[in-house]
Amino acid sequence: MLSTRDLVAGYDERTVLDGLDLDLPADAFTVIVGPNACGKSTLLRTLARLLTPRRGTVLLDGAAIRELPTREVARRLGVLPQSPLVPEGVTVADLVGRGRQPYQRWWRQWSEQDGAAVDQAMRLADVADLADRPVDTLSGGQRQRVWIAMTLAQDTEALLLDEPTTFLDLAHQVEVLDLLHRLRTERGRTVVAVLHDLNQAARYADHLIAMRAGAVVAAGPPRAILTTDLVREVFGLDCLVVPCPVTGAPLVVPAITSPTLAAGASSPATGSSGAVPVGEDAPAGSYPSKGN
Amino acid sequence: MSAATRLAASPDTPSAVDRLPGRALLRVGPVRVQIRRRSVLVAVALTGLLAMAMVLSLSLGTPYVAPADVLRALSGAGTPYDLVVLNLRLPRLVLAAVAGAAFGVAGTLIQSVARNPLASPDVIGITQGAGLAATVALTSGAAAVLVAPAALAGGLVAALVVFALGTRHGLAAQRFVLAGVAVAFALRALTEVVMLTADPIDGLRAQVWLIGTLAGRGWTETTWIAGTLLILLPVLAWAGWALNSTALDDDTAKGIGLRPVARRIGLAGTGVITAAMVTAQVGAVDFVALVAPQVARRLVRAERPPLLCAALLGALLLVLADLAGRRLFAPTQLPAGVLTAAIGGPYLLYLLLRGRRRPS
């Protein structure tokens with residue numbers, strides 16, 4: 001549903017993306033990975049029309065996103081920017097209610113649909129109990145779920161999230177990713193996220209995009225593309241790729257890079273050559289989802 | 001239509017509509033406006049206080065007119081006090097209320113957009129720009145009718161300079177307030193130079209203008225300010241709603257379909273025009289635009305200053321300041337600007353100290 005044609009984008013003098021052609025599949029959880037400063041956030045911000053490209057276009061269902069009214073785009077595409085500013089003293093329900101902005105006018109500031117959408121978004125993101133709490137008093141994980149609830153209240157087909165798990169501890173990371181996974185599988189939303197953790201990307205993504213220096217190195221299902229060679233090419237890191245014991249998805253284990261680490265290592269893996277490709281017969285895993 | 005006005009949803013029956021805590025929906029025909037329940041209370045209370053202060057202001061003075069006679073004179077019944085109440089005191093009083101409200105509106109708009117309680121027109125140079133232009137007009141022998149237009153132009157130009165210097169990284173950056181304070185100091189220094197080199201009598205007139213006073217002013221000034229507010233009324237109706245999004249960062253605002261830069265220009269521009277206009281008419285009355293929005297915000301317990309309550313509070317502050325200026329050291333008359341500074345400064349300090357101790 002989202003694609004780019006000959007996209008050139010950057011900041012000030014620096015060109016980050018140079019002539020990018022990309023198609024993001026609809027009804028999939030797409031994860032964009034890559035080393036720092038590879039342009040993945042730039043790509044996401046350009047896709048979300050937060051950044052104006054220097055050249056080329058972003059297409060939303062075939063139409064140039066820049067030529068669509070921004071309110072209309074906001075009804076089809078929800079965006080969670082990287083570390084959004086938490087307004088002081090605003091309650092959870094109030095902030096989630098801001099997600100209804102694209103459906104409101106100053107003379108029609110609230111409707112039954114707005115109320116229903118906010119209710120549902122807060123239930124989905126599991127923040128309904130926090131409705132009356134000021135957002136700035138919540139923990140990092142709770143805040144992130146509130147922001148996701150705000151974008152859910154927008155009631156869009158697609159959601160774009162820029163590093164939604166940064167600054168969260170592991171349990172909260174899993175919680176947020178499980179939520180995104182449920183949105184894809186249970187609600188049929190198209191989800192696109194930039195993630196830092198390759199293993200989480202492999203575990204949750206239907207479609208993985210690996211970027212390096214502003215270009216796409218590989219794109220496809222994680223089990224098909226995530227290999228030792230790809231990690232070396234994209235991150236410059238030697239590693240083992242083994243099937244995850246829980247899900248069977250590819251699991252990236254960095255090779256030993258320091259001799260002092262090797263001394264304490266009990267694993268037989270000793271070098272960068274011992275890559276284990278993920279075969280067809282990897283155990284078909286199920287994604288454990290957090291029960292409510 | 002008259003019966004269509006009602007407050008929907010009470011706190012004990014949480015329906016799907018009533019998802020916003022502390023808010024209610026005001027329905028007037030097809031129009032649906034979110035209002036804070038608490039701001040309704042505060043607005044009603046402020047209106048009552050303002051009415052009392054206005055009657056008091058019409059009543060006190062020499063001669064004293066009993067409040068009952070004030071009300072009779074206002075109702076047009078024809079009393080012996082008509083001259084004092086309607087011709088001498090009322091024009092100045094209405095000007096105080098309208099100018100105070102305009103200061104409250106201007107302060108709310110600029111502070112909200114800059115996300116900084118210090119970003120008020122009397123701190124960031126708009127008042128000082130108007131002051132310099134007025135001083136030049138008053139000391140250069142220009143016609144008296146030119147003082148207000150000159151001050152209006154001076155305020156607008158100063159605002160443009162501050163915005164040009166301070167908005168490289170969006171208005172919210174501290175840079176904006178710093179640029180404003182710097183411009184304000186530079187303009188004040190220039191004003192001093194103009195005053196010192198001028199004829200002493202002209203310098204004194206400029207001095208009085210710079211403090212800001214309502215003495216000898218009335219319907220003409222009121223018409224200019226009220227007319228400006230009236231023309232801006234559709235914008236202000238929109239602003240009451242648009243101000244809700246000023247607390248969001250630009251990416252989040254764009255994500256929910258807003259155009260934050262256009263919004264800031266619209267809101268701040270409205271505030272600047274209002275501030276320059278009211279300053280041009282009543283002089284450099286300090287602190288009302290700074291204090292009224294912040295006190296109103298604390299009364300309403302909102303995350304940003306509420307437009308209507310700040311206007312009412314601004315009106316109340318200036319009416320009381322003018323009354324105190326007239327009566328405290330009677331027969332000596334103090335300009336309203338002296339009183340607003342004397343009350344406003346310490347009160348803001350008190351609020352800052354109190355606010356710091358509160359956990360929230």
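The values are calculated or read from the model by the stated rules, or taken from the named source; none is laboratory data. Because the structure is a prediction, the values reported are computed rather than measured. Cβ sites come from the backbone with ideal geometry, for glycine too, and all protein chains shown count toward neighbours. Keep in mind that these areas ignore ligands, DNA and RNA; they rest on the heavy atoms of the full protein, side chains included. Shrake-Rupley method; radii C 1.70, N 1.55, O 1.52, S 1.80 Å.
Here are the numbers for the structure shown:
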quantity: Failed item, numbered, when residue B:94 is tested on (1) open to solvent by less than 30 Å² (accessible area, probe 1.4 Å); (2) part of a helix (DSSP H, G or I); calculated: (1)
quantity: Considering residues of the stretch A:59-73 that are at the interface with chain B (Cβ under 9 Å from one of its Cβ atoms) and open to solvent by 10 Å² or more (accessible area, probe 1.4 Å) only, the residue farthest from residue A:128 (Cα to Cα); calculated: A:69
quantity: Filtered residues of the stretch A:149-195 (kept if open to solvent by 30 Å² or more (accessible area, probe 1.4 Å), away from chain B (no Cβ under 14 Å), assigned to a loop (DSSP other than H, G, I, E, B) and modelled with pLDDT of 90 or more); calculated: A:157
quantity: Criterion: touching a helix residue (DSSP H, G or I) at 6+ places or on another chain (Cβ under 9 Å) and part of a helix (DSSP H, G or I) - qualifying residue of B:214, B:230, B:243; calculated: B:243
quantity: Among the residues listed as A:154, A:144, the single one being in contact with a strand residue (DSSP E or B) (Cβ under 6 Å, 6 or more places away or on another chain) and of a type outside the set (Lys, Arg); calculated: A:154
quantity: Selection count where residues are assigned to a loop (DSSP other than H, G, I, E, B) and closer than 27 Å to residue A:182 by Cα, scope the stretch A:196-240; calculated: 7
quantity: Residues that are within 7 Å of another protein chain (Cβ to nearest Cβ) and either acidic (Asp, Glu) or in a helix (DSSP H, G or I) (or both), drawn from the stretch A:74-102; calculated: A:74, A:88, A:93, A:94, A:97, A:98, A:101, A:102
quantity: Count - residues of the stretch A:87-97 that are within 14 Å of residue A:149 (Cα to Cα) and open to solvent by 20 Å² or more (accessible area, probe 1.4 Å); calculated: 1
quantity: Within the stretch A:120-141, considering residues that are modelled with pLDDT of 90 or more and buried (at least 20 other Cβ atoms within 10 Å of the Cβ), the one nearest to the other protein chains (Cβ to nearest Cβ); calculated: A:122
quantity: Check on residue A:106, facing another protein chain (nearest Cβ under 7 Å), of a type in the set (Phe, Trp, Tyr) and open to solvent by less than 10 Å² (accessible area, probe 1.4 Å); calculated: no
quantity: Of residues in the stretch B:246-265 being of a type in the set (Gly, Ala, Ser) and buried (at least 19 other Cβ atoms within 10 Å of the Cβ), the one farthest from the other protein chains (Cβ to nearest Cβ); calculated: B:253
quantity: Among residues of the stretch A:18-54, those that are small (Gly, Ala, Ser) and in contact with a helix residue (DSSP H, G or I) (Cβ under 6 Å, 6 or more places away or on another chain), counted; calculated: 1
quantity: Qualifying residue in the stretch B:319-326 (condition: open to solvent by less than 50 Å² (accessible area, probe 1.4 Å), within 16 Å of residue B:41 (Cβ to Cβ) and without any contact (Cβ under 8 Å) to a residue 60 or more places away in the chain); calculated: no
quantity: The stretch A:158-182, residues that are more than 20 Å from residue A:216 (Cα to Cα), of a type in the set (A, V, I, L, M, F, W, C) and within 12 Å of the chain's Cα centre (by Cα); calculated: A:158, A:159, A:176, A:177, A:179, A:180
